[in-house]
Every structure is written in C-alpha cells, then in structure tokens.
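Data first, discussion second: the structure below is written as structure tokens.
The values are calculated or read from the model by the stated rules, or taken from the named source; none is laboratory data. This is a predicted model, so every value here is computed, not measured. Using ideal geometry, Cβ is built from the backbone for each residue, glycine included, and neighbour counts are taken over all protein chains shown.
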Amino acid sequence: MLERLVIFGIGYVLGAQAGKKGLEELSQTVRGFLERDDVKTVVALAGGVIEDRFSSRSEGLRVA
C-alpha cells in the first residue's frame, strides 16, 4: 500500500510538470521500469523497511 502511494506521488509530481503528452510518455516509461525484477525487489525491500519502522513506533502509541 505504501509503495503504491510513493509511486503515485512521484508520478503525480513529474506528470504535473510534463503536461498530458509528457505524462503519457512518462507513464509508459515508469510502467516498463516497474516491471523490472530488480526494481520490484528494491521496492518490496524498501516497503518492508518502512512498514517495520512505522509499526515499531506505533506499538507504543495508544488510541484514545
């Protein structure tokens, strides 16, 4: 989930700067990039690290 939000955020910022035609080209490039096995591995590892960091911090918090 967090991985998708990060990817969406990056795509949004870059797309907003590129315009409609640039966004289509950027979208194709990003899809090709994200389909690579090495990129999938890095994204999965980074997502796991981020989730571990946030879950360990939230364990000490109590909901009121």
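Would a scan of region 49-62 turn up a residue that is outside any helix (DSSP H, G or I), at pLDDT 80 or above and among the charged types (D, E, K, R)? No, region 49-62 has no match at all. Scanning region 20-43 for residues that are modelled with pLDDT under 80 and surrounded by 10 or more Cβ atoms within 10 Å (Cβ to Cβ) turns up G22, L23, L26. Take the conditions (1) modelled with pLDDT of 85 or more; (2) of a type in the set (A, V, I, L, M, F, W, C); (3) farther than 20 Å from L2 by Cβ; A46 misses just one of them, which is (3).
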